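**Q** The structure follows.
The values are calculated or read from the model by the stated rules, or taken from the named source; none is laboratory data. As the structure is a computational prediction, the values presented were derived from the model and not from experiment. Note that we place each Cβ from the backbone using ideal geometry, even for glycine, and neighbour counts take in every protein chain shown.
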Amino acid sequence: MKRLAVIAAAILTATALSIAPAAAHATLQSSNPAENSVLDAAPDEVTLTFNQTVSQNFATVTVIGSDGMDWAASDPVVDGGTVTVDLDGLGAGGEYTIGYRVVSADGHPITGSIPFQVTPSSPTSAAPAAPATTETTPTAVEETDSGFPLWTIGAVVAVVGAAGVLFALRKRSN
Ligand SMILES: [Cu+2]
């Protein structure tokens, strides 16, 4: 029983470590809208193209406006190396930031953000971009991470493994 616990702990720890090894992981190749692009209308969807297949699970994409709202109107759809999220319009003209988090085939989470602008050509600029004032501007867009990060699995496994080792050691010292 004691030995079993030790073996189980060893296996679990090895499994946790095997999540880590680095193979070439996915990198973002392009996006639509492109980084720093200036659009005169809200796009229908956001597409991210990676250089290799990414995991069907764990993908999250947000489209955060300067109002702090997430305008992504669907869950991300992963098709090979392409991740798409629908937009159901956007808010006022201004800055938006695509925030993404995907897990590449080698298990590494890939995160990034892609800023773009929408400047409606209509004369009614509802929300003019405020010029630099001393007013505090909300710069940090907190990325809500609704995905289930792989590292938490590793952490849980590691904790379970450590507990098993501790248990075994404690039994031995009795
Ligand atoms: Cu990697």
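**Q** Can you tell me which residue within the stretch 22-42, out of those that are closer than 18 Å to Val78 by Cα and within 16 Å of the ligand (Cβ to nearest atom), is modelled with the lowest pLDDT?
**A** Looking at the filtered set, the residue picked out is His25.
**Q** Among the strands (runs of 3 or more DSSP E) contained in the stretch 44-99, which hold 3 or more residues that are at pLDDT 95 or above and exposed (fewer than 14 other Cβ atoms within 10 Å of the Cβ)?
**A** Answer list for the stretch 44-99: none.
**Q** Within the stretch 102-121, track down each residue that is closer than 20 Å to Ser66 by Cα and either surrounded by 20 or more Cβ atoms within 10 Å (Cβ to Cβ) or among the hydrophobic types (A, V, I, L, M, F, W, C) (or both).
**A** Scanning the stretch 102-121 gives Ile114, Phe116, Val118.
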